[in-house]
Amino acid sequence: MQKTIKKVLPSTKVDMGGLLIDQPLPSQGVDYIDPFLLVHHWQDTLPGNRRPQEVGVGPHPHRGFSPVTFVFKGSVRHQDSLGHDAVVGPGGTQWMFAGRGITHSERPDSQLAKEGGEFEIIQFWVNAPAVHKMDPPFYRPIAMEDTPAVIGKGSTVHVVSGEYEGTQGVVTPVSPLTLLRVGMEPGATVNVSVPEPHNTIVYLLEGKISVNGQTLSDKDLAWLDRDGDEVQIEASSDSRFILLSGEPIEEPVASYGPFVMNTETEILEALRDSQQGKMGVLVETFEDAPPFWP
Ligand code: MN
């Protein structure tokens with residue numbers, strides 16, 4: 001049975017420390033769509049002539065959930081307090097599970113900072129069940145070539161997690177998720193089966209599609225209810241979208257900045273642990289940076 005559209009959320013522009021980004025979630029009075037807490041879409045033309053440490057977001061901690069980045073244009077460099085240092089290009093994914101705490105930085109890569117160019121990413125936050133919030137953190141970069149793809153008639157579906165038409169994604173998250181990145185040509189149709197108790201999100205980066213009969217424009221997010229197991233997407237122009245589907249966690253959410261826990265007490269503990277260095281320390285390196293100008 002086709003899932004019912006519960007709501008369509010258009011993006012709002014938000015200012016993230018000088019960066020103007022599109023935010024479809026939270027939006028319109030919807031705080032989160034369990035287990036998805038936030039969706040950010042950052043699309044920009046970088047001017048170039050910047051040192052790499054002047055672009056993107058410097059070291060900051062996380063606890064209690066997974067911040068995941070899908071890269072569409074340009075490349076993103078991730079460094080973290082566990083010693084990871086990886087650049088992921090277009091079509092790739094930066095997968096991080098913050099668990100009990102990790103400190104990372106997320107920046108357009110050095111070449112993009114220096115030379116400028118198109119940059120487009122989506123970052124979404126997936127909550128973790130209480131039982132896993134204090135697990136050890138892990139990080140995994142996934143290149144486009146390492147992301148299984150299902151090629152259909154006028155469509156390409158990359159399976160990051162979960163299953164689509166018998167193809168299994170590469171990431172095993174701490175709670176069941178289906179995460180797809182999809183490109184479609186006009187006239188193409190894609191049918192996705194998701195487990196029935198899931199909340200499902202379709203976010204359209206670009207183009208025009210209908211989702212179970214509901215038309216979406218650029219930067220609209222469709223929230224599909226937990227009442228069915230089928231999502232049918234039809235494209236009427238060249239379109240790119242993501243489909244995020246997850247089993248609701250159904251626990252209290254207490255969040256503050258980069259921490260997502262179950263109670264206010266746990267948030268205060270997270271602040272204290274972060275200040276005491278218990279979420280690791282990251283000193284970034286920029287080997288290929290041009291010298292400081294005076
Ligand atoms: Mn972060």
Can you give the convex hull volume per residue for the Cα atoms of segment 1-148, as a whole number of Å³?
139 Å³
Checking a compactness column here: for segment 8-74, what do you get for Rg(Cα) / (2.2 N^0.38 Å), N being the number of residues?
1.28
Expressed as a whole percentage, what fraction of the accessible surface of segment 214-294 belongs to carbon and sulfur atoms when a 1.4 Å probe is rolled over the protein heavy atoms?
50 percent
Solvent-accessible area per residue for segment 142-282 (1.4 angstrom probe, square angstrom):
44 Å²
Heavy-atom accessible area of V283, protein chains in place, probe 1.4 angstrom, given in Å² to nearest 10, is 120 Å²
Taking just the C-alpha trace of the chain, give me its Rg and Dmax in Å.
18.8, 65
In square angstrom, what is the accessible area per residue of segment 16-82 with a 1.4 angstrom probe?
36 Å²
First select every other residue whose beta carbon is under 12 angstrom from the beta carbon of D229; then total the charges, Lys and Arg +1, Asp and Glu -1.
-2
Leaving out ligands, DNA and RNA, and with a 1.4 Å probe, what % of the accessible surface on segment 37-196 is carbon or sulfur?
50 percent
Per residue, how big is the convex hull of segment 92-239 when only Cα atoms are used? Give it in Å³.
130 Å³
Summed side-chain charge close to D218 - residues other than D218 whose Cβ falls under 15 Å, Lys, Arg +1, Asp, Glu -1
-1
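Are any of the pairs K7/K73; K7/K208; K3/K219; K6/K133; K73/K278 more than 26 Å apart by Cα-Cα distance, and if so, which?
Those over the limit are K7/K73; K6/K133; K73/K278.
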Helical mean residue ellipticity (222 nm; -39500 (n - 2.57) per DSSP H run of 4+; nearest 500) of the chain:
-1500 deg cm²/dmol
Segment 148-223 versus segment 1-56: alpha-carbon centroid distance in Å:
18 Å
At a Cα cut-off below 17 Å, give the aspartates and glutamates reachable from K114, other chains included and same-chain residues fewer than 8 away excluded.
D44, E54, E106, E287, D288
For segment 201-294, taking Cα atoms only, what is the radius of gyration to one decimal and the Dmax to the nearest whole Å?
21.3, 61
So how much accessible area does S155 have, in Å² to the nearest 10, using a 1.4 Å probe?
10 Å²
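The values are calculated or read from the model by the stated rules, or taken from the named source; none is laboratory data. Since the model is a prediction, treat every value here as computed from it, not as a measurement. Every residue, glycine as well, gets a Cβ built from its backbone with ideal geometry; the counts of neighbours run over all protein chains shown. Remember, those area values only see protein heavy atoms, side chains included, never the ligands or the DNA or RNA. Shrake-Rupley method; radii C 1.70, N 1.55, O 1.52, S 1.80 Å.
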